[in-house]
1. Filtering the stretch 242-264 down to residues that are of a type in the set (Gly, Ala, Ser) and surrounded by fewer than 16 Cβ atoms within 10 Å (Cβ to Cβ), which residue is modelled with the highest pLDDT?
2. State which residue is surrounded by the most Cβ atoms within 10 Å (Cβ to Cβ) when the search covers only the stretch 82-131 and only residues that are touching a residue at least 12 places away in the same chain (Cβ under 8 Å) and of a type in the set (Asp, Glu).
3. Taking only pairs six or more apart or across chains, which ones have beta-carbon atoms under 6 Å, a first residue in the stretch 396-408 that is part of a helix (DSSP H, G or I), and a second residue that is among the hydroxyl-bearing types (Ser, Thr, Tyr)?
4. Among the residues of the stretch 368-381, is any under 20 Å from His84 (Cβ atoms) and in a helix (DSSP H, G or I)?
5. Might you let me know whether the stretch 233-241 holds any residue that is at pLDDT below 95, of a type outside the set (Gly, Ala, Ser), assigned to a loop (DSSP other than H, G, I, E, B) and buried (at least 22 other Cβ atoms within 10 Å of the Cβ)?
6. Of all residues in the stretch 300-342, count the ones that are of a type outside the set (Val, Ile, Thr) and in a strand (DSSP E or B).
7. Scanning for something in a strand (DSSP E or B) and at pLDDT 85 or above, does the stretch 265-285 turn up at least one residue?
8. Quick test for you: out of Tyr392, Tyr364, pick the one residue that is surrounded by 14 or more Cβ atoms within 10 Å (Cβ to Cβ) and in a strand (DSSP E or B).
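The values are calculated or read from the model by the stated rules, or taken from the named source; none is laboratory data. All figures in this text were calculated on a predicted structure; none of them were measured in a lab. All Cβ positions, even for glycine, are placed from backbone atoms using ideal geometry, and neighbour counts span all protein chains on display.
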Amino acid sequence: MLNFSRSRPQRPNRPNSLGGMDFVDPVKKSGLARKIIFATGLVALCIIIIKASPTFSSPSPFSLHETGTTHVLVTGGAGYIGSHAALRLLKDSYRVTIVDNLSRGNLGAIKVLQDLFPEHGRLQFIYADLGDPKAVNKIFSENAFDAVMHFAAVAYVGESTLDPLKYYHNITSNTLVVLEAMAAHNVNTLIYSSTCATYGEPEKMPITEETPQVPLDITQLTRMEKPRRWQKILSWIFHKNSDMAVMILRYFNVIGSDPDGRLGEAPRPELREHGRISAACFDAARGITKGLKVRGTDYKTVDGTCIRDYIDVTDLVDAHVKALRKAQPGEVGIYNVGTGQGRSVREFVEACKKATGVSMDVEYLPRRPGDYAEVYSNTSKILRELNWSAKYTDLENSLRVAWKWQKLHHNGYGVA
């Protein structure tokens, strides 16, 4: 009897095994290979596209030192004076990085500058607090700065008497953080925006750079201490780096605005009562406040009101740029920045009325703590050494220029 066995047909797509090894069907293997090749090609294409983009193929221009280009860090660059300084630097073809925590500055000022200078590698804004050493060190490690212009400070006399510790910390500690970062990252030029308030109420006028510093309030005290403390700090820096150059500019009462109407003074509403007299005059002229309050009419001056030296912001930032150009390694320069002419508060009010065309009500009140009777500058040193002198010395005209910006910006920059 014949025995027939049933044989199973071979399935061509089923893998066979031999000795524990699997063999993949050639058809399936070729399909898998095509998928791998396609995926590899896709990844390679993505890499090529990414590498071709400017942001990948080359590092940020702010992170590199470039021959012929000076990269300046402007602290407090969103504020009134700092934004005007940034504008001037950008106009003069400097590369600018602004660092500001916007506690006093305006994001709108940054937007104006960005719109004016949109080119890649010209301007960048970094939101940060100088009181945070880690944040400051990170900024310095990621950017190749050639110089620092330091404007970041709180500077209202009235407010300083209400919150002195805040002022002391802001003006002293934050500056030390910047100095330490500069030393650690070999940034060798500092242009420091100081104040005539360090002199207090001198016995002899006009004020020279050698006038004794006798402060009357915490703002002046901390700013007076800073140059003294800097002698020790800078000696340490010089020990580490003999090329350090420092220029300290002690400016007087700032007024005015960008002549082309792009930037202006826009104090925060909650700080109006502590702000500059120019801002108070404009608020009264616009009806934001009910008239103008003038504090102090019994000083030993010609008309009983304080005497001040009013410096236009355009002149002030010009002095800072000249100081930057003249800064010398291993030297510390100290300069007064003013017009050399004193004008009374009553004169200022009358000039403001003429500039605005508004006959505002004026209320005269008792003195404000921390104010002093008379101060104006002797500018012979800055003229001699930096070839700088004030050009915008017509008080009424400076106020008229600033008033034009105020009328066109009823809500300041329109943003916080």
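1. The qualifying residue modelled with the highest pLDDT is Gly261.
2. Asp100
3. These pairs meet every condition: Ser398/Tyr392; Val401/Ser257; Ala402/Ser257; Trp403/Thr356; Trp405/Ser257.
4. No, the conditions are met nowhere in the stretch 368-381.
5. No, every residue in the stretch 233-241 fails to be at pLDDT below 95, of a type outside the set (Gly, Ala, Ser), assigned to a loop (DSSP other than H, G, I, E, B) and buried (at least 22 other Cβ atoms within 10 Å of the Cβ).
6. Residues flagged as of a type outside the set (Val, Ile, Thr) and in a strand (DSSP E or B) within the stretch 300-342 amount to 6.
7. Among the residues of the stretch 265-285, not one is in a strand (DSSP E or B) and at pLDDT 85 or above, which makes the answer no.
8. Every option except Tyr364 fails the conditions.
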